[in-house]
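The values are calculated or read from the model by the stated rules, or taken from the named source; none is laboratory data. Just so you know, these numbers come straight off a predicted model, no measurement behind them. Neighbour counts are summed over all protein chains in view; Cβ atoms, including those assigned to glycine, are modelled from backbone coordinates with ideal geometry.
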């Protein structure tokens, strides 16, 4: 049963990625360009992730017609096991942007959709000696490449970051821990804000991962597409990496003693302290300095830690007097994403970006 | 020092109420009508509150031109010591509505602004044998009068309630405890969601009120305009009324024994249970049935219980999986209200009302 | 891995049960009597649980020597998959009691250790049309039998209930929902106070149980001793029983749709509302009326919901101003139980019982 | 009304202090010695607090008979406006200790009762350039003097700290921020763990203090014995001192603008961060290293922040997996203190101290 469950969850990627709509700059729509980005921040990662990464860039309709005009930029961060094809093929972002711009519900802006996946689904947009410095990749390699290659308004006031699921986590993480790059932030169904529910140790996938002692067992998880086990590998290599601990290269927050979970106090402390709900206080100045901070989550999200974590995160933000907007809506992890991008997120982000040269 | 503090807080009413802008239905704007509403729900109240109450009604520009058209209705509930003059004179609601309708940022709708004050500042839109049945007044007397006298879309799907401060409390209270009248609800800086901070017993005004044993002492509080003492009298007579307990007519949640607060368990239980943060679970079906539920509060609100209570209320809503929007913004109790009405609240409410006959 | 894990967890029962120490009333120690108790409260249960249940009764050293003396009674409720053999053979309760009485660290009292297991590990001391009315069995059948057969002080003031794990839950549940039988309550590492962590839907065992559609699959879980799956079957049949829903006979709080958990709002509400953290408010009078309420839990408990749930339960008790003692200690689910019974729990319980005829 | 309230609260000191029971070392009881302690840690304080402080020392009955024996030591920290006379005259500590030792319910130990008051009621056992380094006074000046003058077991393993109200705060503060001196800690009705309820800005005394601009107004508060205003002066000078800001010498967490509280973000952050509920995480190693940590509070405490703060503090301790005991009992701020010292606190502390040379 588990196997079929996982296949279902990952299948969207296989079906949807890679198919870009044919568009021309002479029409009344924008167009999408695919670029390769040198990712020196990933140099030396231990997971074999390539150090050139693809990205898709939406250029709005006036980009070609007004060759001296510069545009604000929104970065869209995808979820685990997704890539930019998910934004384009599944959520139909280019058509959404075309409509919003045509109806003047959003200023014309560039939207950058990077790839950020690896063998475990993704590096969680964090810096790690094992999975690579994905935070640096986004905030330096990618931003520099985009600002160098396109006519952007190249400053934080005109740069927003939006993400879904792992990418929602990424948007918040970058805002908290890598300030000064983005000034407007929205997290859609952000994963991993608190290590509870299906992300807690009650999930038996933790035991399956903890039981891995050699490369063969690891290969089995990959072959079986054991979703939670892979996600946990992604989390461990991104949140508590240990380059000396082959084959997992991660520091486990507990030991298995006679078949039972036994917490390792120091590792458990470090593990929990790495989650955003416990980092709000230290990051409060960075968060207060944002010009826009928002988040939304479906109350029926299949990943049960996501609504709980978002609610807890909002509470911590409130306790530290950090302005933000929280939307709790009827819906699940993915179905409302396209509609919310169009009706809520892009207009809200567009209002808060400064569009001036 | 206390006295001058209170005078400042109440002064807006004195200056602003009663001055209606001169408007004509032939212009491209709406117009405001003042009406008298028979308030049988207030019959027999012990505070001498009149059983006819005034209200102001904004009719949109097409109201006169399209004599067969019916309109959705938004009810605006004012704060303690305010009246409809606050909406009109201070927050400039008619001009806001004119602009929103002219720019098509909101459908044309009727806006009803009732008076709901009494000698203690207000009845908190609750039913009480002491202060009168203000919930019934709004949901029955007033709604019936408006639906009878104006061309409304006379059903819950086309009726919203919005309030500020005491009125924000009122909007939520009516949604929770008097369901079926309104389907869209927004609370602005809602007071009294949780009995903490300046609304808790740490506020010495509780002692001043508890010390009142005769009508003269009560008269002194009124004469001095002791803001918190009057607000507490309003709360006690609305939340824990006791018609037999002259002169305060309220059941106190504690006793003063040798100068110290001693909790009375039963009364304290009843008192705390009457606040919205503790009523969410029982009211969850009513709240889930709403088509829109939102709230916003300034993090620098002078009434310290208001941001704390709003945050706690949102948390309880989330725990019960009740969809809603929470805005925590930089600002205080009053300064952003006009701007937020225009940019956030009215457009959001308008989108959620069904405009169809 | 999972299988061996489960065998370890259940093995204590197999090794330890049934071996009573040989004791004689002429020594300076107490003695243990095994009795059969008619369990009419279990009549008609759908799990095939026998309607006669065994119990062990410790009689203190003076019970035989002072034939007119009556004694207070402590009921000890065992954990899932345990039976009274666990108290006697594993935790060595008779020897503990002998020492405490010899050293005058506890008054002489009778200790009753009922069996309360079934094919899923236990009925959680709750009334259920599927698993039987275990609450009635303890508070009526058993108490009546004990009071009828032994010289007890047969009133609530002289009756305590103590339990471990599922039995800790049971002790609190009986205090909250079946008042008037026990006046002193202690819960040791109580399970199931809140439906989180390993007891939440993040535990894949929920999916395994939800996937059962026929008796064969159910039989497989039993044969494999899938610990969490069996515990969940026990919980579902005790907390949300449905006598018409063979073969599981339970109402599931979610559906599995295309391999994913989809919450069923009504069932989920009912399911969560059945847990003690959400029942404190309604049961506050019962809890305030106790003469002693205590609980302890090891911070390294293998069942991760247990410390979290105990902490949350204490918080709710505090919010409702219910006196109690909370001990959070370094330790795990079982290792400290004997030591804590001797040093903390029995002396604390003994002090609070009224020893008078 | 306020004035009489305050007089009641402070009156215990006036009546009780100074009267030591006449005792002789040849009896079967301990004896109390009064000593002067050089308090160099208070040098340069701005409140005129003397740099020699008194303390009372209870020596147990065997102290004189066994001239080579060394004893563990318990330090008792008094509450605001109290002094060691409160322990001796009001709570009858020497007689309690005599009984406990006579009945072997506690090992023989030395109990040190320092004075720690100043013109605002006390320095909260904190280091402050305004009120003096009271933490250093206790942990260095006093401990060194006691270890030098009496036959103590002069190490942390044999040293406990217990306090009431401000002293309960002090016991926890010293454990968290000045580790390595005490290994066993008990806080009785500890004040000031969280800045809420009567300790929050809802308390109008904050406004009275904030309004002080010159020495005369300050003198008035002292003359009127305005309890909360004085306590707030004590808190401000101890928690957010500013030696340059005469006459209050404190950094206020808010401004009064047109009669209203306006939070100063930086000062408010600093103010709130100084309270124990927000310091648990950073101090977790210190707290986990204790051999005993306990706290108790009456649910009917007149100072409403005390039960709420103790509950919140326990919750934070639990979240950080710090072992401790929490007792919530029916009772108020003072009445149960003597009884609890005898039945709970001293025996519990005595069990946890190592009595060995």
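Things worth noting here:
- Taken over the range C:303-328, the residue count meeting the criterion of being within 7 Å of chain D (Cβ to nearest Cβ) and not in a helix (DSSP H, G or I) is 7.
- Odd one out for residue B:88, checked against (1) crowded, with 23+ Cβ neighbours inside 10 Å; (2) under 23 Å from residue B:140 (Cβ atoms): (2)
- Of all residues in the range C:253-285, those satisfying the criterion of being away from chain A (no Cβ under 14 Å) and part of a loop (DSSP other than H, G, I, E, B) are C:274, C:275, C:279, C:280, C:281, C:282, C:283.
- Test result for residue B:200, modelled with pLDDT of 95 or more and either within 21 Å of residue B:164 (Cα to Cα) or within 19 Å of the chain's Cα centre (by Cα) (or both): no
Results for (1) surrounded by 22 or more Cβ atoms within 10 Å (Cβ to Cβ); (2) outside the structural domain of residue A:171 (by TED's automatic domain parsing); (3) within 18 Å of the chain's Cα centre (by Cα); (4) farther than 19 Å from residue A:349 by Cβ, shown as yes or no for each residue.
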position	(1), (2), (3), (4)
A:264	no, yes, no, yes
A:283	no, no, no, yes
A:289	no, no, no, no
A:293	yes, no, yes, no
A:297	yes, no, yes, no
A:305	yes, no, yes, yes
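- Some residue of the range B:185-207 being in contact with a helix residue (DSSP H, G or I) (Cβ under 8 Å, 6 or more places away or on another chain), part of a helix (DSSP H, G or I) and either surrounded by fewer than 18 Cβ atoms within 10 Å (Cβ to Cβ) or away from every other protein chain (no Cβ under 14 Å) (or both): no
- Here residue C:215 passes the criteria (1) surrounded by fewer than 19 Cβ atoms within 10 Å (Cβ to Cβ); (2) without any contact (Cβ under 8 Å) to a residue 60 or more places away in the chain; (3) in contact with a strand residue (DSSP E or B) (Cβ under 9 Å, 6 or more places away or on another chain) except the one numbered (3).
- Residues located in the range C:47-59, provided they are surrounded by 16 or more Cβ atoms within 10 Å (Cβ to Cβ) and over 21 Å from residue C:148 (Cβ atoms): C:47, C:49
- When A:189, A:240 are checked against the criterion of being closer than 30 Å to residue A:339 by Cβ and touching a residue at least 12 places away in the same chain (Cβ under 8 Å), A:189 stands alone in meeting it.
- Any chance residue D:318 is farther than 25 Å from residue D:159 by Cα and in the same structural domain as residue D:185 (by TED's automatic domain parsing): no
- Qualifying residue in the range B:211-227 (condition: away from chain D (no Cβ under 14 Å), part of a helix (DSSP H, G or I), within 25 Å of residue B:77 (Cβ to Cβ) and at pLDDT 90 or above): no
- So residue D:161, is it assigned to a strand (DSSP E or B) and farther than 21 Å from residue D:283 by Cβ: no
- Residue in the range A:118-139 that is in contact with a strand residue (DSSP E or B) (Cβ under 6 Å, 6 or more places away or on another chain), over 20 Å from residue A:276 (Cα atoms), outside any loop (DSSP other than H, G, I, E, B) and in the same structural domain as residue A:38 (by TED's automatic domain parsing) present: no
- On the stretch given as the range C:286-302, residues that are in contact (Cβ under 8 Å) with a residue 60 or more places away in the chain and away from chain A (no Cβ under 14 Å) total 10.
- Test result for residue C:154, in contact with a strand residue (DSSP E or B) (Cβ under 8 Å, 6 or more places away or on another chain) and in a loop (DSSP other than H, G, I, E, B): no
- Taken over the range D:236-262, the residue count meeting the criterion of being buried (at least 16 other Cβ atoms within 10 Å of the Cβ) and under 22 Å from residue D:128 (Cβ atoms) is 14.
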